[in-house]
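Heads up: the structure comes next, in structure tokens.
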Amino acid sequence: MPIIETKDLTKTYKRYKKKEGLRGSLTGLFKRDYEVKKAVDSFNLEIEEGEFTGLIGPNGAGKTTLIKMLTGIIAPTAGRLSVMGFYPNKLENAFKKQYAVVMGQKSQLFFELTANDTLSLFKEIYDIPKPEFEKSRDYFVELFNVKELMNVQVRNLSLGERMKMELITALLHNPRVLFLDEPTIGLDAIAVKQIRMFLKEVNENKKTTILLTSHYMEDIKQLCKRSIVINKGLKIFDGSTENLFNTYQKYKILHISFADKTNLRMEDAQLKNCSILENDEYKVTLQVPKEASSKILDYLFKSCTVQDITVEEEDIGTVVERMYS
Amino acid sequence: MNGCIPESPVMKKYLELIKINVKTQLIWRTDAFFSMISVCAKMLFAYLLWGIIFEGKETVAGFSYSMMISYYVLNSFFSSMDMSGSISYEMDDKIRNGSFSKYMIIPVLPQAYFLCQTIGKALFYVVFTFTASFIWIFIFKFDFIITANALHVVSAFTLLLLGYLFMQQFHYYLGLLTFKFKNIFLFLMIKDNIFSLISGAVIPLVLLPHEVISVFKFLPFYYISYLPTMILLGRNSEEVPQAFITMLLWILVLAVVNPATYKYYRTKFEGAGI
């Protein structure tokens, strides 16, 4: 039986259509027009226990709304919904004790106090026996290598360190399901790498079911075997992450800086399938077919005086746009 | 077990919440200092104002000068102990920016969470405001008038606790209105003004017309700090039974209304864009 199950799950909300200008504002005092927007539309989903699933979509696609419905923060407008056999919006304690949610921009930590203070509180909130609490805390503290940070005021921690503390706090009661909404947003490369390693370990060792939303393709690629793509509230892809990227991520973006003035000859055979996104005499940004990228790099190194080169994946928005079209 | 008192997991959970809020308050030293200053300033203002009013008079509206100042010391102290006012503002802010969800996803009742927060803050401030009040009485060396009747003292303090509980429920209710109205500042402004008048924080209510006071007696605010203060001064003790009945009724009403309102509004809440 799936641990998370939705059937025709829908969330609509009313949006005030404010007319522009002072006159529009004054008219709005007496009469308001609303439009109904579907944030999530007839969404069907089945996730098995232990899965690590990525939820991808551009801004406003409905990802966070879906997570909020799955965690009970908001109620669906229509459709069926079950998480571990519970209807989330009932907000029963028995349900809340079995899941955790970490939202990149929202914190459970007490900024004036230390992470250890918050953990002591959560020990009581989740009624965790002392030996279990200590075992769990020590495990995560070691995994993240944050022992020396546990007694530092949270407000004095870096963004990456704070996110690690958020994750430890969320996982302290050993939840069956972990919802993550943009956990790596704004973090540096080292922190992102550590968090990915941590999540992978938790999923593999503790068999925690994880549903992750992220704007970073690398998060999804490295962590999730399965990906779900959502756009305008509709599910447009549900399958293996490998398949998703092989099918829809067709290009790579190359940012190349030259030591000398360089004019690329795009009519050359090696560059004929590339498009220029940005160009000046010392710097060029190219969109190149994924399968040809190594040959193109090779050609560029041989034919130009390359000073620096960065290879980027296409962003989620572009991939979703391609899928949608 | 803690000593001889068995602690249930629920009790331990809420005790830890109170504890963490005391710890949070202990970080803010400047806050503590200024809360002491504000209590002193309020009392100094009363000392000067009533000094002028009492010039050449023995009593005003049945109050001697010492009794009037005692009224101000007690009322200022009791009013400053009510830390629940920030609940509405905090809820308003957190519901609008979406961070209220942090209370919804943990196995704690949001109202109980805010109650513990209020108790935690009050425990911290009680030390500082009590010290401020005590120093003030000592400096000005005036006759502090308080009843010797133990029953009246117990009644007054019990009423005070009921009053604080009611205020916590009431501010929580106002905060819940953010789910519906998105912005509750106007409600809070109206509440602050009405409360200042009815609670006797501006002037002793005996100075108001009898008919006005009769209406106030149906409202809980009259019993929050005004009546306990008057009882401690040895007056109005005949109102104790009515005070208990009124307060318990209001507390009961909000004990039913608050969970129902929370459930109703949160299920209707769209939460768009947060």
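The values are calculated or read from the model by the stated rules, or taken from the named source; none is laboratory data. From a predicted model like this one, the values you see are computed outputs, not experimental measurements. Here Cβ is always computed from backbone atoms with ideal geometry, including for glycine, and neighbour counts include all displayed protein chains. Note: accessible area is taken over every heavy atom of the protein model, side chains too, but ligands, DNA and RNA are not part of it. Shrake-Rupley method; radii C 1.70, N 1.55, O 1.52, S 1.80 Å.
Quick rundown of the values:
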item	result
Residue within the stretch B:241-261 that is outside any helix (DSSP H, G or I) and closer than 30 Å to B:Met43 by Cα present	no
Listing of strands (runs of 3 or more DSSP E) fully contained in the stretch A:1-109 that carry 2 or more residues being away from every other protein chain (no Cβ under 11 Å)	A:4-16, A:34-47, A:52-56, A:78-83
From the options B:Ile198, B:Ile184, residue that is buried (at least 21 other Cβ atoms within 10 Å of the Cβ), touching an Asp or Glu at 6+ places or on another chain (Cβ under 7 Å) and over 23 Å from B:Thr24 (Cβ atoms)	B:Ile184
Residue satisfying condition, being assigned to a helix (DSSP H, G or I) and closer than 30 Å to A:Ile74 by Cβ, within set B:Leu123, B:Leu115	B:Leu115
Residue that is nearest to the other protein chains (Cβ to nearest Cβ), among those in the stretch B:256-272 that are in contact (Cβ under 8 Å) with a residue 24 or more places away in the chain and loosely packed, with under 15 Cβ neighbours inside 10 Å	B:Lys268
Pairs, first in contact (Cβ under 8 Å) with a residue 60 or more places away in the chain in the stretch B:176-188, second open to solvent by 10 Å² or more (accessible area, probe 1.4 Å) and β-branched (Val, Ile, Thr), C-beta under 6 Å, six or more apart	B:Leu176/B:Thr261
Qualifying positions in the stretch B:201-215 - part of a helix (DSSP H, G or I), open to solvent by 40 Å² or more (accessible area, probe 1.4 Å) and free of Cβ contacts under 8 Å to residues at least 12 places away in the same chain	B:His210, B:Glu211, B:Val212, B:Ser214, B:Val215
Any hit, the stretch A:98-113, residues being open to solvent by less than 40 Å² (accessible area, probe 1.4 Å) and either hydroxyl-bearing (Ser, Thr, Tyr) or touching a Cys at 6+ places or on another chain (Cβ under 9 Å) (or both)	yes
Filter result (polar (S, T, N, Q) and buried (at least 17 other Cβ atoms within 10 Å of the Cβ)) within the stretch A:151-173	A:Thr169
Top-ranked residue in the stretch A:68-88 [being surrounded by fewer than 21 Cβ atoms within 10 Å (Cβ to Cβ) and in contact with a strand residue (DSSP E or B) (Cβ under 8 Å, 6 or more places away or on another chain); ranked as nearest to B:Asn97 (Cα to Cα)]	A:Thr77
Condition check for A:Lys135: without any contact (Cβ under 8 Å) to a residue 24 or more places away in the chain, open to solvent by 10 Å² or more (accessible area, probe 1.4 Å), among the basic types (Lys, Arg) and away from chain B (no Cβ under 13 Å)	yes
Selection status of A:Asp308, over 28 Å from A:Ala61 (Cβ atoms), open to solvent by 60 Å² or more (accessible area, probe 1.4 Å), acidic (Asp, Glu) and outside any helix (DSSP H, G or I)	yes
Helices (runs of 4 or more DSSP H) lying entirely in the stretch A:184-300 (those with 3 or more residues that are loosely packed, with under 12 Cβ neighbours inside 10 Å)	A:189-206
Matching residues, the stretch B:216-229, being surrounded by 12 or more Cβ atoms within 10 Å (Cβ to Cβ) and either over 16 Å from the mean Cα position of the chain (by Cα) or of a type outside the set (A, V, I, L, M, F, W, C) (or both)	B:Phe216, B:Lys217, B:Pro220, B:Tyr222, B:Tyr223, B:Ser225, B:Tyr226, B:Pro228, B:Thr229
Condition met for A:Glu148 (more than 12 Å from chain B (Cβ to nearest Cβ) and either in contact with a helix residue (DSSP H, G or I) (Cβ under 6 Å, 6 or more places away or on another chain) or surrounded by fewer than 19 Cβ atoms within 10 Å (Cβ to Cβ) (or both))	yes
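Residues are listed down the side, and each one gets a yes or a no for (1) part of a helix (DSSP H, G or I); (2) closer than 26 Å to A:Ala170 by Cα:
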residue: B:Phe77; (1), (2): yes, no
residue: B:Asp92; (1), (2): yes, yes
residue: B:Ile135; (1), (2): yes, no
residue: B:Ile145; (1), (2): no, no
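Residue by residue, here is whether (1) within 18 Å of the chain's Cα centre (by Cα); (2) within 26 Å of B:Val127 (Cβ to Cβ); (3) without any contact (Cβ under 8 Å) to a residue 24 or more places away in the chain; (4) open to solvent by less than 30 Å² (accessible area, probe 1.4 Å) holds:
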site	(1), (2), (3), (4)
B:Asn21	yes, yes, no, yes
B:Ser38	yes, yes, no, no
B:Ala41	no, yes, yes, no
B:Tyr47	no, yes, no, no
B:Lys57	no, no, yes, no
B:Phe63	no, no, no, yes
